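Novice: The structure that follows is given in the form of structure tokens.
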Amino acid sequence: AFHTILVLFLPLTMLIIRSGQNSFLTGGLIGLTCLLALRQSRWSGVPLGLMAIKPHLALGVGIWSLLDRRWGMAVQSFAVISIFAALATLVFGTGIWAAAFGGDHGDCRCSARWTVPALSHDLALCLRSLLRVWSYIGAGTARDRRRRGRRSAGSSKLR
């Protein structure tokens with residue numbers, strides 16, 4: 001079962017490595033949070049707080065910590081987020097918050113009347129990789145069909 005899962009995820013892993021995505025980091029942080037929480041470590045909130053880089057991925061674990069009444073974990077994660085927010089404000093100034101909350105929404109004009117949200121770079125890379133894998137599979141099956149066709153045609157000539 002492990003080999004099957006490894007083969008299925010290999011194209012995505014190669015995409016992550018090639019494009020420099022942070023999936024290994026975020027997956028590791030969520031995994032470490034869960035591992036430390038199950039071991040009832042007092043440090044379980046630190047990796048959850050570091051997941052502020054991708055808050056939508058940490059939302060489920062954060063809600064779970066509140067529902068499971070792991071108050072120390074929740075307070076610790078909020079403390080880590082507050083410390084890093086204060087450090088960012090000290091280093092870069094208060095203008096970073098205006099840029100963060102009022103930033104570019106990534107819209108592009110596709111025609112004179114319609115505005116549609118642009119595909120994120122990550123999604124475009126993922127779709128391109130999946131289409132490339134699909135085309136390789138399709139080319140391989142078409143090649144196999146041609147080979148089988150030649151074999152059956154050659155065997156019928158011998159008879």
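Novice: Quick check: is even one residue across the range 49-66 free of Cβ contacts under 8 Å to residues at least 40 places away in the same chain, touching a Gly at 6+ places or on another chain (Cβ under 7 Å) and basic (Lys, Arg)? Before you say what the answer is, go through the steps one by one.
Specialist: Going through the range 49-66, the residues free of Cβ contacts under 8 Å to residues at least 40 places away in the same chain turn out to be 49-66.
Subsequent filtering for residues that are touching a Gly at 6+ places or on another chain (Cβ under 7 Å) retains none.
For the range 49-66, residues free of Cβ contacts under 8 Å to residues at least 40 places away in the same chain, touching a Gly at 6+ places or on another chain (Cβ under 7 Å) and basic (Lys, Arg): absent.
Novice: Moving on to the next point. Quick one: Thr26 ticks every box in (1) open to solvent by 90 Å² or more (accessible area, probe 1.4 Å); (2) β-branched (Val, Ile, Thr); (3) within 23 Å of Ala100 (Cβ to Cβ) except a single one, so which number is it?
Specialist: Against the list (1) open to solvent by 90 Å² or more (accessible area, probe 1.4 Å); (2) β-branched (Val, Ile, Thr); (3) within 23 Å of Ala100 (Cβ to Cβ), Thr26 comes up short only on (1).
Novice: Return yes when Ala98 is among the small types (Gly, Ala, Ser) and modelled with pLDDT of 90 or more and no when it is not.
Specialist: Numbers: among the small types (Gly, Ala, Ser): yes; modelled with pLDDT of 90 or more: no.
So Ala98 fails the test.
Residue-wise test of (1) modelled with pLDDT under 85; (2) of a type outside the set (S, T, N, Q); (3) surrounded by fewer than 12 Cβ atoms within 10 Å (Cβ to Cβ).
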residue: Ile53; (1), (2), (3): no, yes, no
residue: Ser65; (1), (2), (3): no, no, no
residue: Gln76; (1), (2), (3): no, no, no
residue: Ala85; (1), (2), (3): no, yes, no
residue: Thr89; (1), (2), (3): no, no, no
residue: Ser120; (1), (2), (3): yes, no, yes
residue: Gly140; (1), (2), (3): yes, yes, yes
residue: Ser156; (1), (2), (3): yes, no, yes
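The values are calculated or read from the model by the stated rules, or taken from the named source; none is laboratory data. All values derive from a computational prediction rather than experimental measurement. Cβ coordinates were reconstructed from backbone atoms using ideal geometry, including for glycine residues, and neighbour counts include every protein chain displayed. Areas reflect the complete protein model, heavy atoms only, side chains present, ligands, DNA and RNA absent. Shrake-Rupley method; radii C 1.70, N 1.55, O 1.52, S 1.80 Å.
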